[in-house]
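Colleague: Mind having a look at this structure? Questions to follow.
The values are calculated or read from the model by the stated rules, or taken from the named source; none is laboratory data. Being a predicted model, the structure only gives us computed values, none of them experimental. Cβ placement follows ideal geometry from the backbone for every residue including glycine, while neighbour counts extend to all protein chains displayed.
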């Protein structure tokens with residue numbers, strides 16, 4: 001446990017994580033997990049997650065100050081990792097084997113992010129953020145996914161810090177981990193598009209799970225963006241620009257990426273309006289006719305969840321195998337999570353599509 005904080009031990013925190021990850025919460029309740037056990041585990045998780053708020057704020061304030069000195073257009077944000085995302089990470093297999101992640105050791109429950117205009121400025125921020133002797137906190141991890149992109153196409157720089165303070169009233173936070181993410185604008189546009197697609201396709205694309213076609217598409221686009229920025233491309237993607245761009249254009253047409261993302265962006269605007277007017281709305285059923293660019297959205301309350309699932313199943317069967325239709329059932333909470341994590345979602349989506357359009361047209 002963090003120094004000086006006796007509320008829950010390290011063992012209790014890890015036990016809560018194991019209960020929630022193995023119980024199937026929140027989708028299903030596995031046998032052997034009574035409600036009181038789940039309730040206790042959630043209480044511990046909520047406490048452990050909330051405890052990261054203060055150290056996260058400390059690192060965020062420095063990030064914001066340093067980023068603005070380097071780039072007046074820098075965008076900064078902070079966030080506590082969503083419960084759903086925490087559980088997904090705890091359940092993730094490790095190199096094909098059983099999950100090994102423990103809740104206590106998770107490095108990104110508290111996270112800060114800075115998006116800078118270009119890679120040169122992003123790298124300068126990564127250098128200037130931590131100056132030896134100026135910060136008493138310890139840098140315990142640094143991953144440069146710009147010089148060495150991840151296999152799924154993710155690019156950016158991650159700095160992991162361990163909080164440390166001599167003040168008596170702050171010692172309870174000592175040892176807590178916070179992740180600082182630094183990206184260029186182009187890298188951030190790519191990440192926003194991946195998150196958006198994950199929401200509407202129900203694929204955990206950022207965890208390299210889901211449709212092989214979507215995973216390959218974003219991997220290729222990341223390489224195209226890396227070429228634009230003149231940095232290393234993603235492993236196992238074409239090194240020849242023409243070959244790379246033509247492959248992206250082919251996949252865009254097959255997946256109907258541009259039309260779908262425009263429809264999803266418009267749908268999110270409607271979601272926001274509907275939830276503002278009708279607080280009881282909990283689900284949206286999205287029916288997008290791509291060829292005629294017609295969007296139909298139906299809303300459902302919490303009590304109508306089964307009706308939403310039934311009507312979703314009917315539409316799925318109706319349009320099965322027809323790529324000109326896109327049918328999705330989205331929860332209000334998930335849509336709000338996307339907008340909270342990516343405050344400039346609408347502008348970023350449009351900018352991503354502008355870059356994608358240029359790529360698809362260059363050799364066609």
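Colleague: Any idea which of 6, 26 is farther than 21 Å from residue 81 by Cα and either modelled with pLDDT under 80 or part of a loop (DSSP other than H, G, I, E, B) (or both)? Show your work before the answer.
Modeller: Working: 26 fails: farther than 21 Å from residue 81 by Cα.
None of the others qualify; the one that does is 6.
Colleague: If residue 233 satisfies all but one of (1) within 19 Å of the chain's Cα centre (by Cα); (2) in a loop (DSSP other than H, G, I, E, B); (3) surrounded by 19 or more Cβ atoms within 10 Å (Cβ to Cβ), what's the number of the condition it fails?
Modeller: Of the numbered conditions (1) within 19 Å of the chain's Cα centre (by Cα); (2) in a loop (DSSP other than H, G, I, E, B); (3) surrounded by 19 or more Cβ atoms within 10 Å (Cβ to Cβ), the odd one out for residue 233 is (1).
Colleague: Residues in segment 66-94 that are in a helix (DSSP H, G or I), modelled with pLDDT of 90 or more and closer than 16 Å to residue 111 by Cα: how many?
Modeller: Of the residues in segment 66-94, the ones in a helix (DSSP H, G or I) are 66-70, 83-91.
Cutting the leftovers down to modelled with pLDDT of 90 or more gives us 66-70.
Filter once more, so that each one left must be closer than 16 Å to residue 111 by Cα: 67.
Adding up the residues that qualify gives 1.
Colleague: Filter segment 120-149 down to the residues that are part of a loop (DSSP other than H, G, I, E, B) and modelled with pLDDT under 95, then identify the one that is surrounded by the fewest Cβ atoms within 10 Å (Cβ to Cβ). Outline the logic, then answer.
Modeller: Here is the first cut: in segment 120-149, the residues part of a loop (DSSP other than H, G, I, E, B) are 129-131, 133-134, 136-137, 145-149.
So of that shortlist, the ones also modelled with pLDDT under 95 come out as 129-131, 133-134, 136-137.
Details: 129: 23, 130: 17, 131: 9, 133: 5, 134: 7, 136: 9, 137: 18.
So, considering only residues that are part of a loop (DSSP other than H, G, I, E, B) and modelled with pLDDT under 95, the one surrounded by the fewest Cβ atoms within 10 Å (Cβ to Cβ) is 133.
Colleague: Does segment 204-219 contain any residue that is under 15 Å from residue 358 (Cα atoms), part of a helix (DSSP H, G or I) and modelled with pLDDT of 95 or more? Reasoning before the result, please.
Modeller: Residues of segment 204-219 under 15 Å from residue 358 (Cα atoms): none.
No - not one qualifying residue is present in segment 204-219.
Colleague: So, one more: Having 2 or more residues that are within 26 Å of the chain's Cα centre (by Cα), in contact (Cβ under 8 Å) with a residue 60 or more places away in the chain and assigned by TED's automatic domain parsing to the domain that holds residue 345 is the bar; report the strands (runs of 3 or more DSSP E) wholly within segment 253-335 that clear it.
Modeller: Values: elements: 281-289, 294-301, 325-331.
So the answer is 325-331.
Colleague: Considering only residues that are surrounded by fewer than 23 Cβ atoms within 10 Å (Cβ to Cβ) and touching a residue at least 60 places away in the same chain (Cβ under 8 Å), look in segment 151-162 and name the one that is farthest from residue 351 (Cα to Cα).
Modeller: 151
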